[in-house]
Structure formats: structure tokens, C-alpha cells
1. I want to confirm something. Restricting to the stretch 130-146 and keeping residues that are crowded, with 19+ Cβ neighbours inside 10 Å and more than 18 Å from residue 184 (Cβ to Cβ), which single residue is farthest from the chain's Cα centre (by Cα)?
2. So residue 82 ticks every box in (1) surrounded by 16 or more Cβ atoms within 10 Å (Cβ to Cβ); (2) in a helix (DSSP H, G or I); (3) out of contact with any strand residue (DSSP E or B) (no Cβ under 9 Å at 6 or more places or on another chain) but one. Which box is left unticked?
3. Working only within the stretch 222-241, note down all residues that are without any contact (Cβ under 8 Å) to a residue 40 or more places away in the chain and within 12 Å of residue 165 (Cβ to Cβ).
4. Please work out which residue is nearest to the chain's Cα centre (by Cα), limiting yourself to the stretch 198-214 and to residues that are closer than 22 Å to residue 143 by Cβ and within 12 Å of the ligand (Cβ to nearest atom).
5. Of everything in the stretch 132-146, what is within 13 Å of the ligand (Cβ to nearest atom) and assigned to a helix (DSSP H, G or I)? Give them in sequence order.
6. In the stretch 229-250, which residue that is more than 10 Å from the ligand (Cβ to nearest atom) and in contact with a helix residue (DSSP H, G or I) (Cβ under 6 Å, 6 or more places away or on another chain) is nearest to residue 174 (Cα to Cα)?
7. So which residues in the stretch 147-174 are without any contact (Cβ under 8 Å) to a residue 40 or more places away in the chain and either near the ligand (Cβ under 10 Å from one of its atoms) or crowded, with 22+ Cβ neighbours inside 10 Å (or both), if there are any at all?
8. Among the residues of the stretch 221-242, write down those that are farther than 21 Å from residue 255 by Cα, touching a strand residue (DSSP E or B) at 6+ places or on another chain (Cβ under 9 Å) and in a loop (DSSP other than H, G, I, E, B).
Ligand code: NAP
């Protein structure tokens, strides 16, 4: 069997076209969605991520305000900026690019963002809302994975078993919660899982969010399963690759996401979606 591809780039383009249309409709009412992006220091990867986010905003008529601060910025200074943005009516979303320099407590900073502007979905209030099924911003990467499942007709996951590999606060845990909310039976695996393959072989849906190459190989996948690869790693030649042994797994799975061109573009798209929803008053 050769799996069908879930094309994150194509799906992103469709969703971004819809976001642009909705942003235009807001403009007609005199409203412009605004995203504040805060970068502290000069981490090269962070600079690339921030640049991509700002560019993506421009393409869909979301106004982005990029704040670059020195690596020496103090925690108090950053908190003061967050408080100012929290009360700025032109700003509907606040994103603080992680990691932050060591003198700043990331958790404290994220918790300082108003939950009404937490478009990354990392605030405890957003995580809690997801947990209890209340409205709130959803973490962008798992939200994008859910959209990918929906795009292949998998909206209600009743009767399906989903296995999530990884339990970080920004991917694995919210992913599991979203799958549960869609009525899947969910298993979360991590570095302490005894027999990972025994778990994944039972899964109708596997989401790999580990950050290690070849965590999921063909022998670990049930024929026809949906495989979503969140991982971002480099292969020996320095090329971007995921957690899944793509060449092997595509011969067994029913559906598979590529890396690059899979979950990556969806993450930024869901950030745009959250910012738009915030301006629309829907989140
Ligand atoms: P993380 O915080 O390092 O979490 C990794 C998780 O994998 C942990 O829960 C860890 O278990 C688990 N793990 C490690 N080795 C394992 C093994 N051999 N078997 C089973 N589980 C194992 O990473 P993250 O932030 O969630 O990110 C995961 C990956 O997704 C990274 O490659 C990251 O770059 C990528 N990512 C991609 C996007 C995107 O937009 N495409 C967005 C976010 C992240 P323990 O908890 O027991 O340590």
C-alpha cells in the first residue's frame, strides 16, 4: 500500500485564503486584526520563525507589530511590555517567541499575556479551557493537526484509537486533549513507555511529536493508519526531516504528512486563524 499524502502546504493555502477573506470583511467594518510579535535576543532560529510569522500576516491582511528587544532585557521590562499590549485595543494577539534569555522566566511571561490575546494557546487558562471543553485559544501545532484530520474527513473520531508520542505542554498534551474532544480513544506515550511499538500498532491515528528521527518505523504502524509527523529534525545531510521514517511508513499507512510541507505550514496558519478569531470576538 502507498499512503495518500496530507499536504499541509496546500491545506494551509486554502485556509489562508479564507482568513484573508475574513480579514477583508473585518476591514469593511473598520477593524484590522493586529498581532504583536516579541523577539528578545538574536537566536538565529527564532529570527527565522519570527520573520516567517510576520510575512504570513502580511499575506492575509493581518497587521503585525514586531518588537525586537536586546538579549539583556530584564524580566520586569518584558512584563511591562506585555501589560501595555494587553490593554492596546489595536492588538488582538500577543506572541512571545521562545526561548527567552535565561534571566527571564518564560512561564511568568506567558502567564502575563491576557488569555483573551493568547493566540499561541500556551497560557494555563487556554490549556484549562481545552481540558474542560470551554472556548479558548487552541495551541497552534495540535490545532493544525486536527485541521489536517478534518481535511481527510476525520472530524468525529468516535471508535478510533489515537496514539500521541510525546507529552510536551505545547504539542503532545494539547494534541491528546483535542483528539479526546473529537471522541477518539487516546493513548499518550513518552520516554517512559515500555513498548512503544505495541502501542502504535494498535493505533488508527499516530501523532509523532518527539524530536528524534525514525521514532516511528513501518513495523510500528497498523496498515491503513493515519500518521501525522510533527517532528522537525535534520538528517545526516542537514536536510529537514520528521520523526517518522517516511519512506518505510508510507508503504503501510493509509495517510501520511510529509516533512517539510506537512504540519509546519499548518502551525503558522493556525496562529493567523487564532488572531483573526480574536479580532472577530470568536475565541
Ligand atoms: P519536547 O518538549 O522535547 O518533547 C518531546 C517528547 O518526546 C517528550 O514528551 C519525551 O518524553 C518524548 N520522547 C523522547 N524520546 C522518546 C522516545 N524514544 N519514545 C517516546 N517518546 C519519547 O518536544 P516538543 O516541543 O513537543 O517538540 C517535539 C518535536 O516537534 C520537535 O522536533 C519540535 O521541533 C517539533 N515541533 C514542530 C512544530 C511544527 O510546527 N512542525 C511545532 C512544535 C514542535 P518525556 O516527556 O518522557 O521526556
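1. 136
2. Of (1) surrounded by 16 or more Cβ atoms within 10 Å (Cβ to Cβ); (2) in a helix (DSSP H, G or I); (3) out of contact with any strand residue (DSSP E or B) (no Cβ under 9 Å at 6 or more places or on another chain), only one is false for residue 82: (3).
3. 229, 231
4. 209
5. 140, 141, 142, 143, 144, 145
6. It comes out as 249.
7. Those that are without any contact (Cβ under 8 Å) to a residue 40 or more places away in the chain and either near the ligand (Cβ under 10 Å from one of its atoms) or crowded, with 22+ Cβ neighbours inside 10 Å (or both): 167, 172.
8. 235
The values are calculated or read from the model by the stated rules, or taken from the named source; none is laboratory data. On a predicted model such as this, the values are computed, not experimentally measured, just so you know. Cβ sites come from the backbone with ideal geometry, for glycine too, and all protein chains shown count toward neighbours.
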